[in-house]
1. What distance in nm separates the two pseudo spin-label positions at S149 and D112, each 7 Å out from Cα along the beta-carbon direction?
2. Quick one: net charge of S107's neighbours, Cβ under 11 Å, K/R +1, D/E -1?
3. May I ask for the Rg/Rh ratio of segment 125-229, computed from Cα atoms with Rh as the Kirkwood radius, given to two decimals?
4. Please express the Cα-Cα pair-distance distribution P(r) of segment 239-278 as a list of whole percents, one per 5 Å bin, running from 0 to the bin with the greatest distance.
5. In segment 150-303, if the dipole is taken from +1 on Lys/Arg beta carbons and -1 on Asp/Glu beta carbons about the Cα centre, which of T199, A237, I301 is farthest to the positive end?
6. Quick check on segment 242-309: what does the Kirkwood estimate of hydrodynamic radius come out to from the alpha carbon pairs, in Å?
7. So if R0 is 56 Å, what FRET efficiency would R229 and E208 give, r being the distance between their Cβ atoms, rounded to the nearest 0.05?
8. In nm, to one decimal, how far is the modelled label at L314 from the one at E185, with both set 7 Å along Cα→Cβ?
Amino acid sequence: MDANGKSGGKPDRSRRRHGWPLRRPPRQRNEEAASAAAGVEPSAAVQEQPRPAAVRDGVYGALDLGTNNCRLLLARPAGNAAGFEVVDAYSRIVRLGEGVLATGQLSEDAIDRTIKALRVCANKLKWWNVGRARLIATEACRMASNGESFIRRVRDEIGLELEIIDRETEANLAAAGASPLICGEARSVLVFDIGGGSTEILWLNVEEGRYRVGDWTSLPAGVVTVAERFGGKTVSADNFAAMREHVNSLARPFVERLIDGGSGIPVPDHLLGTSGTVTTVCGIHLNLRRYDRARVDGSWITGTDVSRVTNDLLSMSYEQRAASPCVGPERADLVLAGCAILEEIRAIWPAERIRVADRGLREGILTSLMIEDGHHGRTA
């Protein structure tokens, strides 16, 4: 099936984008005909064909509906409690939070785009007969005055029970999802998750392979909100500097908490970034002809690498960024806002190395659900 729920011979775009080695359910040859007969679009049709027993049991689900993306990950615990096996994944840029900064509300166009993506997610959850799932919504729904009514509409129209989580929960899930990539020798790590509407930052203290959150913050600045405030298509050096100053002003209270009683701003052993921004920067640094999760997730990049890629992107036009294989037209007006956030984080905490994680909230959700059920799930 493709990203719209249709059958076909080629893998869907979300699989190629994320690189997961997925288990595939049996191909549904008559799905489109059945959808037409029922008077609904193929993406809205829930497959009712019998499922093999191996598919029915033990699948967990995690859905992350952010300001920019709708992402779903389905997995089952791996053998010997060593991790989990991903069986299906889906990601679609929906820009649910588009315009919320100006209007205070989710727009009808954004809601319609998101509803379509959530129908695909509902189909996948039913097809894999997911037994345990957590479906979360983040900053866009937190900010919008009609966020709760949108959640009710999703429940009534699609049957999905979305949960608007607070920023502390979001930060902790991001840390849980990325934590397997903490370097074994590290004693302190700064984890950051640059989202569409907010950026979560956590200072982790590490001891004997286990981490403890020393402090955390959530900045009301993400790639969508920063791009809407300062402009995203045409970004001058002055615009970029203004973006960075905005992020710095928001981060200052957290920085002051960390240095309280100390001799200066502490520098972690390494940074750990989980977001589309840091994975995009890494993909460009690696000169990938197309994004490859297997090469990006777990990679190390340096501050020099980040600055070089950022400067290259600043020198490009919007059209050139859109043509870049690791950026594309859907992110071309957002990527420099993300780079501004990343560069300011790196300037405040100038660790030499940054670990890149193409994992985050969904993996954190799956891990926490499996641990609750006695499976110590952890991504490899």
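What follows is calculated from the coordinates using simple rules that are stated; it is not laboratory data. This is a predicted model, so every value here is computed, not measured. Note that we place each Cβ from the backbone using ideal geometry, even for glycine, and neighbour counts take in every protein chain shown.
1. Label-label distance for S149 and D112, simple model: 1.7 nm.
2. -2
3. Rounded to two decimals, Rg over Rh is 1.06.
4. 5, 18, 14, 25, 25, 9, 3, 0
5. Selected residue: A237.
6. 14.3
7. It comes to 0.85.
8. Here the answer is 3.2 nm between the modelled labels.
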